[in-house]
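Colleague: Can you read through this structure? Questions will come right after.
Every read-out reported here was derived from the displayed coordinates using simple, explicitly stated rules and does not represent laboratory data. Given the structure is predicted, the values throughout are model-derived calculations rather than measurements. Cβ placement follows ideal geometry from the backbone for every residue including glycine, while neighbour counts extend to all protein chains displayed.
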Amino acid sequence: MVTIDSATKNRIPFHQRLFWSIFAMFLGFTVCFLLFQYQREREFNQEKVNSILGNYNYQLFRRTTKATNLEEAVNRFINEIPQKDLRVTIIDPEGDVLFDNSDVDELNNHNDRIEVRKARLENEGYAIRQSASTGKRYFYVATNIGGYIYRSALPWAPYTQRVMTINKDFIYFMAVMTLIFFFVLSRFTFSIGRTISKLRDFALNVEKDRIPPESEYVFPNDELGDISQNIVSLYHRQQKAKNELSMEREKLIKHFQYAKEGFAMFTSEGRELLSNILFVQFTNVISDTQIRQSEDVIDIPELESIRDFLSRNIPNPNRKRKVLRESVTIDKNGKIFLIECILFLDNSYELSINDISEQEEKSRIKRQLTQNVAHELKTPVSSIQGYLETIIENPSLPEEKRKFFLERCYSQSTRLTGLVRDISVLNRLDEASEMFELSEINIPKLVSEIEKECSKEIEERHITTEVLLPGNPTIHGNHSLLYSIFRNLYDNAIAYAGEGIHITVSCYKEDPKFYYFSFSDNGIGVSEEHVNRIFERFYRVDKGRSRKMGGTGLGLSIVKNAVNFHKGQISCKSGLGKGMTFFFTLKKSV
């Protein structure tokens, strides 16, 4: 048995809380019913008085239209009815009082009286109020007949009050029913309280992962006891099965999440059951249009053979009861993908996308790395050495020429510094990534700062930008590396995409762990043969132009490694004249 703390011990028992909760709801219902009944009785009584006075109005209309003496006709009518204190008022369409038997000398316009206004709008209106003319409280009923208002009123005297009195028999009836309900409910809740308290004890044990044996819980021999005993038995059986399934499920999920291939599983109707990060990323590299949902992947034209395979076999009742497989190889955007589809017996299916060009790229990068480093360092060093030798060997060199050579030396040393800095960043990412400090970084704010820093270059090259970052994405990562990702992508587009282009930064998807970003331009792009190599260190599409622009050849390599540091993946697709689009993911918390 678990130990219950003092706060739990002092808590009101469940059966008492159940009793008072249900009893409070019953009382609430009773009060609402009483209020409803009271209002209903009140409206009924008002309608009764309203009907009497409304009938008087029509009788007065018939009598006064035929009478030559209005006052005499009204007095004769009043003498014939029980209510001798009836007040009668006749009002013309302009609101002036044509007749009133209240003995008031001067009566102002009556169109502002509430019952008159209602009669003008709805042909009949009533009100209970104090008269502005006599100072007495009346029950007024006004009837619109041919534009003239016939109004009858009874003083709020014993007769009217008696007619409006509410019958209180139903109040006594509800009081008796409440007492009966109180005793029946108390016995019922007390009988189930003991069983529920044992279930509570079982639940507390479950919550604290202290599962006692079934034999420790013995419930009363009734229906609720049988249900409780079944709950305990079922829980123990399900707990055993859950533990076994959980272990297997964890193995599968870990395998899929950390696999080096894109993976997704779908129902027979095409709804996503499970997918990993690489699946959407790889499909965006393959597709010419942006893919936001895994369910849209099957519509990619390159997967027509997979689509035909599924359409042939899923609705086919005659297909053999065995697992079917189909595969296709796609060479797109400088990468080679092997896509496999497995159709299971229940018509659910899985798609896997494997980048089979990655290993070859890594090997080639390693082979060329040492050669590229030496070559890139040799160029600025040789230039600096040549300029300095010229200055030293020619003491009489004109000042203007000497200044020109020194400026070129400074320019090359600046390039050399940038090169060393970029190499240092890559080395830190490779060998000491744990040394980077982490903090909360707001991506919209970071992108805004970069656009301000690049505003001069953007304006000079007539570039327009569009930032689509819904949900205010924020990443717990390293500010310097996140800055390097977006800054290098901006610098790359500004330097090489051409003038008058449009740059779009988008966060097109979010899941519980990752943000999905795209960075695109509609510039000149690069041919597909270069796409799978642009993340290599020192790789340049146009070597002469890149050096002229001052690039080190490491920008996109830093981008890739910074994305990897944030547990993400990056890919690119492009073509000559098609612009360039980078797809990358960043984990919300590194």
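Colleague: Per q in 0.09, 0.11, 0.14 Å⁻¹, report the Debye log10 I(q)/I(0) for segment 1-212, using one uniform scatterer on each alpha carbon and no solvent.
Modeller: -0.56, -0.66, -0.88
Colleague: Sequence gap at least 6, Cα distance under 8 Å: using those rules, report the relative contact order of segment 259-355 to the nearest whole percent. Please list the in-between numbers first.
Modeller: Values: 157 pairs, mean separation 29.8, N = 97.
With pairs under 8 Å counted, the relative contact order is 31 percent.
Colleague: Still on this model: How many nm separate the modelled label positions at PHE188 and ARG321, each set 7 Å beyond the Cα in the direction of the Cβ?
Modeller: Distance between label points: 5.0 nm.
Colleague: On to the next question. About its Cα centre, what dipole magnitude does segment 259-355 give when the only charges are +1 on Lys and Arg Cβ and -1 on Asp and Glu Cβ, stated in debye to the nearest 20?
Modeller: Working: 12 positive and 16 negative charges, 85 e Å.
Using only the charged Cβ atoms, the result is roughly 420 debye.
Colleague: With viscosity set to 0.692 mPa s at 37 °C, what whole-number translational diffusion coefficient in µm²/s follows for segment 259-355 from Stokes-Einstein and a Kirkwood radius over Cα pairs?
Modeller: Working: Rh = 13.5 Å.
Translational diffusion coefficient: 243 µm²/s.
Colleague: Filter the cross-link list LYS84/LYS136; LYS335/LYS578; LYS335/LYS509; LYS242/LYS567; LYS513/LYS573 down to pairs whose alpha-carbon distance in this structure exceeds 21 Å. Working shown, then result.
Modeller: Values: LYS84/LYS136 16 Å; LYS335/LYS578 17 Å; LYS335/LYS509 23 Å; LYS242/LYS567 30 Å; LYS513/LYS573 25 Å.
Pairs exceeding the cut-off: LYS335/LYS509; LYS242/LYS567; LYS513/LYS573.
Colleague: Segment 280-322: Rg/Rh from Cα coordinates, Kirkwood Rh?
Modeller: On the way: Rg = 12.9 Å, Rh = 11.7 Å.
Ratio of gyration radius to Kirkwood radius for segment 280-322: 1.11.
Colleague: Charges only on Cβ, +1 for Lys and Arg, -1 for Asp and Glu: so what's the dipole of segment 1-212 about the Cα centre, in debye to the nearest 20?
Modeller: Values: 28 positive and 23 negative charges, 297 e Å.
With only Lys, Arg, Asp and Glu charged at Cβ, the dipole is about 1420 debye.
Colleague: What residues have an amide H closer than 5 Å to that of LEU274, excluding those fewer than 5 places away on the same chain, when H is modeled at 1.01 Å from N in the peptide plane?
Modeller: Residues meeting the amide H criterion: MET265.
Colleague: Would you please give the FRET efficiency between SER480 and LEU345, computed as 1/(1 + (r/R0)^6) with r the Cβ-Cβ distance and R0 = 60 Å, to the nearest 0.05?
Modeller: Numbers: r = 52 Å, r/R0 = 0.86.
Result of the calculation: an efficiency of 0.70.
Colleague: Would you mind ranking ILE314, ILE81 by Cβ crowding within 10 Å, fewest neighbours first?
Modeller: In increasing order of surrounding Cβ atoms, one gets ILE81, ILE314.
Colleague: Now for a different question. How big is the dipole moment of segment 203-306 about its Cα centre under a simple scheme where the beta carbon of each Lys and Arg is +1, that of each Asp and Glu is -1, and everything else is neutral? Debye, nearest 20, please. Before the final figure, lay out each step's value.
Modeller: Working: 11 positive and 19 negative charges, 107 e Å.
Once rounded to the nearest 20, the dipole reads 520 debye.
Colleague: Moving on to the next point. What is the distance in Å between the Cα centroid of segment 230-301 and that of segment 450-524?
Modeller: 31
Colleague: Would you please put 184-195, 113-124 in order of how densely packed they are, using the mean number of other Cβ atoms within 10 angstrom per residue and starting with the highest?
Modeller: Most protected by this proxy first, the peptides run 113-124, 184-195.
Colleague: Hey, rough spin-label estimate for TYR235 and ASP105, points 7 angstrom out along Cα→Cβ, what's it come to in nanometres?
Modeller: Computed distance between label sites TYR235 and ASP105 equals 8.9 nm.
Colleague: Going highest first, how would you order 57-65, 27-35, 573-581 by mean Cβ packing within 10 Å? Mind dumping the intermediate values first?
Modeller: Numbers: 57-65: 16.4, 27-35: 12.1, 573-581: 18.7.
By packing density, highest mean first, the sequence is 573-581, 57-65, 27-35.
Colleague: Here's another thing I want to ask about it. So what is the relative contact order for segment 1-212, in percent, with contacts set as C-alpha pairs under 8 Å and at least six apart? Show your work: numbers first, answer last.
Modeller: Numbers: 232 pairs, mean separation 54.1, N = 212.
Normalised by residue count, the contact order of segment 1-212 is 26 percent.
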